[in-house]
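Structure record follows, encoded as structure tokens.
Derivation of every value follows stated rules applied to the coordinates shown; laboratory data play no part. Only a predicted model underlies this, so the values are computations on that prediction, with no experimental measurement involved. Reconstructed Cβ throughout: ideal geometry from the backbone, glycine too, with neighbour counts over all protein chains shown.
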Amino acid sequence: MMINPFEADKNEPSLLRAENETDRSVEFKEKRAKLVMSINDYLIKLAKKRDTNQPSANVTLLLDEPRIVTTNLGRSGHNTNLMATEKYRGVSLTGDNIEKPLSLQAVIKNPRTRDIEVIEALGSDPISMSVDDTNFSSERQLEIVAMFGVEDAKGPYFKYSVYGNGSVVHQSYSGDVHKSRAFKDIASIELAQVAFEQIVQDLNFI
């Protein structure tokens, strides 16, 4: 049975006191580190294939141009702009893991569901990692240490993000309902690991 990451957490942080590293268990931190390492290791593996012109799977070559292109078409109202997003089929990996983080974008037909999906993953910023290593602090709350997510062409999506302050956030959209929650329970971080491993398997069979 899969665990719902939005189930109530007995230690949910309140407005009076923000969650921090001391609130997270050693086991959670270890599993969080494993998740970040899994994302980075996979992207580095793909970068080696990209740089040597090897296919990422059976016949799929990694491109060095984004598969998702967003264009600002100008103002459409007060403080709003009209944005156009184009998605191109294929798999791309940008960044060099030296000055820029590795970023994966894939627009594929899922081999299991046969649905069109958009898969994204972002590795750690190499410059930030050289300065901060894996030390988490409240000052880094807006920095994404690692991220991955899947969007169905019909609209539903989910995304997991690990931030520089140590929080792990799960976001999703389904049935016209958007949800977002930071969690620190073991079951949810394990679910994130399983979800990422499934993405890797799907990309290995396109």
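See the values below:
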quantity: Interchain or long-range residues, amide H under 5 Å from V145's placed H; calculated: V162, Y163, G164
quantity: Unit Cα scatterers, Debye sum, the chain: log10 I(q)/I(0) for q = 0.17 Å⁻¹; calculated: -1.29
quantity: Listed residues L73, L104, L62, most fluctuating in the chain (Gaussian network, C-alpha, under 10 Å); calculated: L73
quantity: Sites matching trypsin sites (Lys or Arg not before Pro) across segment 83-113 that sit in DSSP coil, with at most 15 neighbouring C-beta atoms within 10 Å; calculated: R89, R112
quantity: Pairwise FRET efficiency - E27 versus I68, Cβ, R0 = 35 Å, nearest 0.05; calculated: 0.50
quantity: Cross-link pairs beyond the 19 Å C-alpha cut-off, checked among K159/K179; K154/K179; K100/K159; K87/K154; K109/K154; K34/K109; calculated: K100/K159; K34/K109
quantity: Ellipticity estimate at 222 nm from DSSP helix runs (n ≥ 4, -39,500 (n - 2.57)) divided over the chain, nearest 500; calculated: -8500 deg cm²/dmol
quantity: Ranking of I98, I127 by count of other Cβ atoms within 10 Å, fewest first; calculated: I98, I127
quantity: Crossing angle, helix 26-51 versus the chain [Cα axis fit, 0-90 degrees, rounded to tens]; calculated: 10
quantity: Listed residues S161, L35, T71: farthest to the positive end of the dipole of the chain (Cβ charges); calculated: T71
quantity: Order of V194, V162, V150, V177 - criterion: other Cβ atoms within 10 Å of each residue's Cβ, fewest first; calculated: V177, V194, V150, V162
quantity: Of N40, N165, N72, the one that fluctuates the most in a GNM where the chain has Cα springs shorter than 10 Å; calculated: N72
quantity: Residue order, fewest to most beta carbons within 10 Å, for K29, K48; calculated: K48, K29
